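Step one of this worksheet: look at the structure below.
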Amino acid sequence: MSFINYSSREINCKIVYYGPGLCGKTTNLQHIYRKTNPDQKGKLISLATETERTLFFDFLPLALGDIRGFKVRFHLYTVPGQVFYAASRKLILKGVDGVVFVADSQVERMDANIESVEDLTLNLQEQGYELSKLPFVIQYNKRDLPNAVALEELNRAVNPDGITWFEAVATKGSGVFETLKGVAKLVLMELRKNY
């Protein structure tokens, strides 16, 4: 969970973007990185695999305030979505404070979305976490495509518990910051409760 750096008076929180391969996790992080003030962010680190990248960067959002005199720094990660990168996904989830599940809205990706939510739940359980007890939001990405599934159907399939969700077109930046603010707000509420 969160890590406190007393010398810099910062609380470091980890938010992981999870979802099936090519759903838009990387596009989300790249957009956030491009639009974040250079003075408030670290380097964008990319660990490339054969078919997908794992990205990481940290930033300090000044508008969110602090907790008992400590600034909150967010570390954003993506996970590789392909099935054969299961070990990487488990490792990246270690110490997670909040999760954004990025669902691909295309009708042909529905099974991949459902499989990925099940994988997320299982990987968290193996590390002693319960998804229902973590700050967690869903982003329905690729809403601009003609083969996008209706929101009601997506919610039935991917979000039976009715958690907070956002529509997005990450390639255009639409819904990207709304999603991040949604999960960051939940992480901050959890921090304030615990500290």
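We did not get these values from a lab; they are worked out from the coordinates using the rules stated. Here the structure is a predicted model, which is why all the values come from computation and not from measurement. When we count neighbours, we look across all protein chains shown, and the Cβ atoms used for this are built from the backbone with ideal geometry, even at glycine.
Taking segment 16-49 as the range and being part of a strand (DSSP E or B), surrounded by fewer than 21 Cβ atoms within 10 Å (Cβ to Cβ) and of a type outside the set (S, T, N, Q) as the test, the residues that pass are Lys41, Ile45, Leu47, Ala48. In segment 161-195, what residues are more than 29 Å from Glu10 (Cα to Cα), assigned to a helix (DSSP H, G or I) and not small (Gly, Ala, Ser)? Residues satisfying the conditions are Thr171, Lys172. Under the condition of being in contact with a helix residue (DSSP H, G or I) (Cβ under 9 Å, 6 or more places away or on another chain) and surrounded by 21 or more Cβ atoms within 10 Å (Cβ to Cβ), the residues counted in segment 176-187 number 4.
Residue check: Ile163 meets all listed conditions (1) farther than 21 Å from Lys185 by Cα; (2) among the hydrophobic types (A, V, I, L, M, F, W, C); (3) touching a residue at least 24 places away in the same chain (Cβ under 8 Å); (4) surrounded by fewer than 18 Cβ atoms within 10 Å (Cβ to Cβ) but one, namely (1).
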